[in-house]
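Have a look at the structure below, then the notes.
The values are calculated or read from the model by the stated rules, or taken from the named source; none is laboratory data. All of these numbers come straight from a predicted model, not from anything done at the bench. Heads up, the Cβs are rebuilt from the backbone with ideal geometry, glycines too, and the neighbour counts pull from every protein chain shown. With ligands, DNA and RNA removed, areas are computed over all heavy atoms of the protein, side chains included. Shrake-Rupley method; radii C 1.70, N 1.55, O 1.52, S 1.80 Å.
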Amino acid sequence: MTRPKTLLEMAGAAGIPFAWEKAALVIVDAQNEYLADGGLPLTGVDAAVAEIAKLLADARKNGAPVVHVRHHGRPGGALFNPDGPKAEFIAAVKPRDGEAIVTKGLPNSFTKTNLDEVLKGLGRTDVIICGFQSHMCISATARSALDHGYRAAVIGSACADRDLPDPASTSTIPATDLHRITMAALNDRFAIVLKDAGAISAKAAA
């Protein structure tokens, strides 16, 4: 059976590499709420945080700008209470002084935020996206990045998800399956899905 092609492959846009000298790193919702003791613990979150840490170290080493997106829910609410510890950034990947922080209240990191203005101010049209959750804020942000004129890459190993009920049956969709299918859907048209931090070079090809 012939392997199907993505729309990006058909358009000849899938093989263009990403390099730190032309990209900004956008870390979406790397917050304590998603850890094992949070309200929304994710499958494989520890491994994903470790990969985000690699991306963050590489971006800083290569002088690429970093934008940290955080989700804030209702004050005093059950999830992402902005006044509580679960809405804080995960310590291993928290911002440094001078790195941009964007606060959102909806899944799409561009909606009712200044993310677009921040990225335009940085002068970067390539964005490397990672964080949580794959099917929710990562998917919404990557799709919107295309609408805003950015070329996006999503680092699959630097994202994670949780089990969801299957609305078509009484069964459960495992987080690993949901993540894999989400990555495949994004990779068709909205973003290049890369395996890990090692897929990004320091400099663009001459």
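Of note:
- Test: residue in the range 125-134 that is open to solvent by 30 Å² or more (accessible area, probe 1.4 Å) and modelled with pLDDT of 95 or more: no
- Whichever residue in the range 76-91 is of a type in the set (A, V, I, L, M, F, W, C) and touching a residue at least 24 places away in the same chain (Cβ under 8 Å) and, among such residues, is surrounded by the fewest Cβ atoms within 10 Å (Cβ to Cβ): ALA78
- The residue list LYS94, LYS104, LYS120, LYS112 contains one member that is open to solvent by 10 Å² or more (accessible area, probe 1.4 Å) and farther than 23 Å from GLY63 by Cβ, which is LYS112.
- Among the residues listed as ALA205, ALA153, the single one being hydrophobic (A, V, I, L, M, F, W, C), part of a strand (DSSP E or B), in contact (Cβ under 8 Å) with a residue 60 or more places away in the chain and more than 20 Å from LEU40 (Cα to Cα): ALA153
- Contact map, the range 46-62: first residue in contact (Cβ under 8 Å) with a residue 24 or more places away in the chain, second residue among the acidic types (Asp, Glu) and surrounded by 13 or more Cβ atoms within 10 Å (Cβ to Cβ), Cβ cut-off under 8 Å, separation 6 or more or different chains; pairs are GLU51/ASP196; LYS54/ASP196; ASN62/GLU21.
- Hey, GLY73 within 16 Å of ILE138 (Cα to Cα) and either open to solvent by 20 Å² or more (accessible area, probe 1.4 Å) or basic (Lys, Arg) (or both) or not: no
- Look at the range 9-31: where a residue is farther than 9 Å from VAL127 by Cα and a partner is basic (Lys, Arg) and in a loop (DSSP other than H, G, I, E, B), sitting 6+ places away or on another chain with Cβ atoms under 9 Å, you get ALA14/LYS5; ALA19/LYS203; TRP20/LYS203; GLU21/LYS203; ALA30/LYS94.
- A count restricted to the range 124-144 and to residues that are touching a residue at least 60 places away in the same chain (Cβ under 8 Å) and not in a strand (DSSP E or B) stands at 6.
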